[in-house]
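Q: Mind having a look at this structure? Questions to follow.
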Amino acid sequence: MWKPKLNPVTERRLRRFKSIKRSYYSFWILIGLYALSLISEVVSNERPLVVRSDGEWRFPIFFFYPDDLFTGSGLYTRPDYKLINQSPKFTESEENFMIFPLIPYGPYETISASSIELDDVVYVSVNRKQ
């Protein structure tokens, strides 16, 4: 294995750094978290990793596909893949499927107002300033 030639002072500093276990393990934890952040789109995203529809493979995680391609709506905007996944046109064929990331939510996802649960009673508290 090739080992780079380092200055003796640098080698001594690296040995000292490795001898301090807390800093050495923290360094590797930071490296691991940084690597996880580089693949965060694969871990958490509202777009599926793979889409199989109409006999073709598509990869929305890497490429943009307009809404018109899946729904025929004439819109060339960002599609709502969860809505498309539940649509009758998509579910009529068993070979159509989508593979979503582990956490299938993202910053551009919309939530319908009917899915938000609210209490029927509202309590108001008034305090007088002194």
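The values are calculated or read from the model by the stated rules, or taken from the named source; none is laboratory data. Keep in mind that what you see is a predicted model, and the values were worked out from it rather than measured. Methodologically, a virtual Cβ is constructed for each residue, glycine included, from the backbone with ideal geometry; neighbour enumeration extends over all protein chains shown.
Q: Evaluate the following for Glu46: is it surrounded by 11 or more Cβ atoms within 10 Å (Cβ to Cβ) and closer than 24 Å to Ser112 by Cβ?
A: yes
Q: Continuing with the same structure: Taking the condition of being assigned to a helix (DSSP H, G or I) and of a type in the set (Val, Ile, Thr), how many residues in segment 15-48 meet it?
A: Residues in segment 15-48 being assigned to a helix (DSSP H, G or I) and of a type in the set (Val, Ile, Thr): 4 in total.
Q: Among the residues of segment 63-75, how many are at pLDDT 90 or above and among the hydroxyl-bearing types (Ser, Thr, Tyr)?
A: 1
Q: What tally of residues in segment 66-123 results from selecting those that are more than 16 Å from Pro48 (Cα to Cα) and within 19 Å of the chain's Cα centre (by Cα)?
A: 1
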